[in-house]
Amino acid sequence: MTDLPQLARAVVSRAGDKDLSIVTAESCTAGKLCALLAEAPGAATQLHGGFVTYTKAHKNQALGVPARLLEEKGAVCGEVAAAMARGALGYSPADIAIAITGVAGPEPDEDGNPVGRVCIGLARAGAVHQSEFHYGKLAREEIQARAMADALKLLMTAVEEA
């Protein structure tokens, strides 16, 4: 398994090298990604903070995710992850936003999405990316850890490309 603290330190360090700042928007990881990034040296300069938006209503009000999108697609889809990232970027002074929405379990969500389905969105000026992952019916903590690892890898790629 990926060493999450080491990966978070590498992301924050590289963001510092490139003078880039980060914001997170999280649902199924409940702020754990932001907390992980906050533990890295340099986080006080590179991390603006994070949004924890568990419900559809909060995704809409705090991040501006369109209510119609949430109604039509549900909270766990690539489009919502991308909208969460765009919203976090728009409501913060950060250069890059990473967003995670998914089903960590133990049961499927209200829209019937299976446990282990996770979508990650990434936004920076002029670009939005979305990815979908299917981890299977693992323990909640394992799904969250895999989602954070994949989000950190996508974040590192975005920092490198910036």
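Numbers for the structure displayed
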| read-out | value |
| --- | --- |
| Residue match in region 69-85 (condition: part of a strand (DSSP E or B) and within 12 Å of the chain's Cα centre (by Cα)) | no |
| Some residue of region 95-112 being on the phi > 0 side of the Ramachandran plot and not in a strand (DSSP E or B) | yes |
| Members of region 56-97 found to be more than 26 Å from ALA158 (Cα to Cα) and in contact (Cβ under 8 Å) with a residue 24 or more places away in the chain, listed by number | GLY74 |
| GLY50 being assigned to a strand (DSSP E or B) and either modelled with pLDDT under 95 or crowded, with 24+ Cβ neighbours inside 10 Å (or both) | yes |
| Complete set of residues in region 130-162 that are in contact with a helix residue (DSSP H, G or I) (Cβ under 7 Å, 6 or more places away or on another chain) and either over 20 Å from ARG9 (Cα atoms) or small (Gly, Ala, Ser) (or both) | GLN130, SER131, GLU132, PHE133, TYR135, ALA145, ALA149, ALA151 |
| Region 140-155 - residue that is of a type outside the set (Asp, Glu) and more than 13 Å from the chain's Cα centre (by Cα) and, of those, farthest from THR2 (Cα to Cα) | ARG140 |
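Every residue, every condition in (1) touching a helix residue (DSSP H, G or I) at 6+ places or on another chain (Cβ under 8 Å); (2) modelled with pLDDT of 95 or more; (3) surrounded by 15 or more Cβ atoms within 10 Å (Cβ to Cβ); (4) more than 18 Å from ALA94 (Cβ to Cβ), yes or no:
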site	(1), (2), (3), (4)
ALA38	no, yes, yes, no
ALA44	no, yes, no, no
ASN60	yes, yes, yes, yes
ARG68	no, yes, no, yes
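The values are calculated or read from the model by the stated rules, or taken from the named source; none is laboratory data. All values derive from a computational prediction rather than experimental measurement. Because the Cβ atoms are built from the backbone with ideal geometry, glycine has one as well, and the counts that use them run over all protein chains shown.
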